[in-house]
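> Sharing a structure with you now.
The values are calculated or read from the model by the stated rules, or taken from the named source; none is laboratory data. From a predicted model like this one, the values you see are computed outputs, not experimental measurements. Cβ: placed from backbone, ideal geometry, glycine included. Neighbour counts: every protein chain shown.
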């Protein structure tokens, strides 16, 4: 599935990032490769605009300053001119932009950095339209931090899972859950996810938590979506035959 450009052009981008700063949007920066990926949460501390008197406003006139929201549980090594992908959620969809780092500096929770206004912000196509019931499918499994969790349903973009009530204070809507491993048939992928919603299960012992996956490699996202659609179609055919 092809991602689309959501915002481009100096004026629209500058105003957009000012809105994200005012809303205290969380930005997720991934480190490492697809097989061993770690995630750090950042916030936009400053959107600094220093216009040039000799030319029209440009993206290079704006500096974004990002700093970590909390101390990561891994050692993040970032250097000037590193290229990183930054992802965030806005109006129910996953957005992202690619940057080249400017100044890297120490702050309260580790390393912060600055970068110029990106050329564009892109948005990922929706991958959560088809939901596959997972409770009775032994080929679908998921773990968080190495601990298995019960999957209620699965889509190409997220899942509903059951998490013990004891973990209530570790979960916050809009924040990230890390170290997720998803297995479907022969597919296995590592991810992080944003908590979209949560409610108490009827039993009172668990929470039903809605997750939206982030930081898959592009092939993993498409492969998972293909599997979900294929298994959903197969299930529909079986239900039609048995009815």
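> Looking only at segment 93-118, which residues are in a loop (DSSP other than H, G, I, E, B) and in contact with a strand residue (DSSP E or B) (Cβ under 7 Å, 6 or more places away or on another chain)?
101, 102, 103, 109, 117, 118
> For segment 127-168, which residues satisfy the criterion of being without any contact (Cβ under 8 Å) to a residue 12 or more places away in the chain and either closer than 14 Å to residue 208 by Cα or assigned to a strand (DSSP E or B) (or both)?
Taking segment 127-168 as the starting set, the residues that turn out to be without any contact (Cβ under 8 Å) to a residue 12 or more places away in the chain are 136, 138, 147-148, 166.
Passing the criteria: 147, 148, 166.
> Please enumerate the residues belonging to segment 184-225 that are over 24 Å from residue 170 (Cα atoms), in contact (Cβ under 8 Å) with a residue 40 or more places away in the chain and surrounded by fewer than 17 Cβ atoms within 10 Å (Cβ to Cβ).
Step one: list which residues in segment 184-225 are over 24 Å from residue 170 (Cα atoms), which gives 184-188, 217-225.
Add one more test, that the residue is in contact (Cβ under 8 Å) with a residue 40 or more places away in the chain, and what stays is 184-185, 187, 217, 220-222, 224-225.
185, 187, 217, 222, listed by residue number.
> Is there any pair with a first residue in segment 82-99 that is closer than 16 Å to residue 16 by Cβ and not assigned by TED's automatic domain parsing to the domain that holds residue 26 and a second that is part of a strand (DSSP E or B) and at pLDDT 85 or above whose Cβ atoms are under 9 Å apart and which are 6 or more apart or on different chains, and what are they?
Hits for this filter: zero, empty list.
> For residues that are under 28 Å from residue 157 (Cβ atoms) and modelled with pLDDT of 75 or more, tally how many sit in segment 53-81.
5
> Follow-up question, since we're still on this one. Among the residues of segment 112-144, count how many are surrounded by fewer than 18 Cβ atoms within 10 Å (Cβ to Cβ), at pLDDT below 85 and out of contact with any helix residue (DSSP H, G or I) (no Cβ under 6 Å at 6 or more places or on another chain).
Residues meeting the conditions: 6.
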